[in-house]
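The values are calculated or read from the model by the stated rules, or taken from the named source; none is laboratory data. Quantities reported herein were computed from a predicted structural model and do not represent experimental measurements. Please note: Cβ atoms are built from the backbone with ideal geometry, for glycine as well, and neighbour counts cover all protein chains shown.
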Amino acid sequence: MKAPAGLLVLDKPKGWTSHDVVERARKVTRVRRIGHAGTLDPLATGVLVLLVGHATRLAEFLLGHDKRYRATIRLGIRTDTDDAEGRILSERPVEVSRESLEETLRSFVGEILQTPPAFSAIRQGGERLYEKARRGEAVAPPPRWVRIDELRLVEWNPPWATIEVACSAGTYIRALARDIGERLGCGAHLTELRRLASGPFTLADAIPWELLEAAARAGGWLRYLRPMADALPDWEPITPSLEILSRLQHGQPIPVEALPHPGPRLRVHRPDGTLLALLERQGKRWQPVRVFPEDP
């Protein structure tokens, strides 16, 4: 039997860490080599992409995918985790109009410098920040640039606001909620979060955990395994000559004139459609950045 390799697009249940999902998927599918392509907090639900088998080698490329979220923010209350699971730090009255809220949201669109939450999985000095924060140590996460492409108000039911956010990878929606509250002068924290999209995958592509679990128990979970190429729609697909395929199979670079394609990145398929390699243009040659073995 061929070793499974591909993608599982799940709708993550609330209360599970991304690692919980990976561990449970390993158990029900009996496949040890599974990872994920972008962490979701336990509070959050929505699109979580699992990488199965050789597809784990795509993680570097998928982690950078843009994201889209729907989030509910509670204005007037700040917490130490910037979400509903934290300790309340302050409470203030909410005297915010819809117009001022929408104006504030617009001010966050573009490149912004964001300070991650103190309770985050970022490593500092070899340790996760949340581990230090839980011990009561002072934590100062370094700010970083992120990109907000779209930020709109979906529903305003004071003191709760529901927003939709399209953003770059690495954006903390908890931190965005906190900063929106600070800019409004009343504080805020995140109460609900749902990932609507991760790269090319949306909720329409995601299956509930229960469906995967039931299929695995019946021995039919592979029907939900998507080809690796589905995660790379921006890489131009090609199926070159057998000679070039053979060279790529051994990790050899290919002269640009042998593969005259204008784009900077190519995904190379075998005649049967399976993914053989990912190529990036480096000067006058195509350099293999990933080569995937042919299943036995």
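Can you pull out the residues in region 226-284 that are out of contact with any His (no Cβ under 9 Å at 6 or more places or on another chain), closer than 17 Å to Leu7 by Cβ and of a type in the set (A, V, I, L, M, F, W, C)?
Across region 226-284, the qualifying residues are Leu232, Trp235, Leu278.
Anything in region 249-296 that is surrounded by fewer than 18 Cβ atoms within 10 Å (Cβ to Cβ) and of a type in the set (D, E, K, R)? List them, or say none.
The answer is Glu257, Arg265, Arg270, Asp272, Glu280, Arg281, Lys284, Arg285, Glu294, Asp295.
Exactly one condition in (1) in a helix (DSSP H, G or I); (2) hydrophobic (A, V, I, L, M, F, W, C); (3) touching a helix residue (DSSP H, G or I) at 6+ places or on another chain (Cβ under 9 Å); (4) not assigned by TED's automatic domain parsing to the domain that holds Asp11 is false for Leu211; which is it?
The single condition Leu211 does not satisfy is (4).
Could you count how many residues in region 211-228 are touching a residue at least 24 places away in the same chain (Cβ under 8 Å) and either hydroxyl-bearing (Ser, Thr, Tyr) or out of contact with any Phe, Trp or Tyr (no Cβ under 8 Å at 6 or more places or on another chain) (or both)?
Going through region 211-228, the residues touching a residue at least 24 places away in the same chain (Cβ under 8 Å) turn out to be 212-213, 216-217, 221-222, 224-228.
In the following step, the residues that additionally are either hydroxyl-bearing (Ser, Thr, Tyr) or out of contact with any Phe, Trp or Tyr (no Cβ under 8 Å at 6 or more places or on another chain) (or both) were identified as 213, 216-217, 221-222, 224-227.
Residues in region 211-228 being touching a residue at least 24 places away in the same chain (Cβ under 8 Å) and either hydroxyl-bearing (Ser, Thr, Tyr) or out of contact with any Phe, Trp or Tyr (no Cβ under 8 Å at 6 or more places or on another chain) (or both): 9 in total.
Could you please let me know if Gly170 is within 24 Å of Ala118 (Cβ to Cβ) and without any contact (Cβ under 8 Å) to a residue 60 or more places away in the chain?
Spelling it out, Gly170 is indeed within 24 Å of Ala118 (Cβ to Cβ) and without any contact (Cβ under 8 Å) to a residue 60 or more places away in the chain.
Which members of region 71-112 meet the condition of being among the hydroxyl-bearing types (Ser, Thr, Tyr), modelled with pLDDT of 95 or more and in a loop (DSSP other than H, G, I, E, B)?
Selection gives Ser97, Ser107.
Among the numbered criteria (1) modelled with pLDDT under 95; (2) assigned to a strand (DSSP E or B), which single criterion is violated by Gly64?
In the conditions (1) modelled with pLDDT under 95; (2) assigned to a strand (DSSP E or B), Gly64 misses (2) alone.
Take region 9-34 and flag every residue that is more than 21 Å from Ser168 (Cβ to Cβ), at pLDDT 95 or above and within 15 Å of the chain's Cα centre (by Cα).
Leu10, Asp11, Val21, Val22
Can you tell me which of (1) among the aliphatic types (A, V, I, L, M); (2) closer than 21 Å to Thr191 by Cβ; (3) not in a strand (DSSP E or B) is the one Ala55 doesn't meet?
(2)
Would you please list the contacts, defined by Cβ atoms under 8 Å and residues six or more apart or on different chains, that run from a residue in region 86-104 that is in the same structural domain as Pro158 (by TED's automatic domain parsing) and acidic (Asp, Glu) to a residue that is surrounded by 12 or more Cβ atoms within 10 Å (Cβ to Cβ) and in a helix (DSSP H, G or I)?
Qualifying pairs under 8 Å: none.
Does Phe119 satisfy being of a type in the set (Phe, Trp, Tyr) and at pLDDT below 95? Walk me through how you get there before you give the answer.
On the way: of a type in the set (Phe, Trp, Tyr): yes; at pLDDT below 95: yes.
So Phe119 fits the description; yes.
Can you tell me which residues in region 179-208 are part of a strand (DSSP E or B), more than 16 Å from the chain's Cα centre (by Cα) and surrounded by 23 or more Cβ atoms within 10 Å (Cβ to Cβ)?
Residues satisfying the conditions are Ala188, His189, Leu190.
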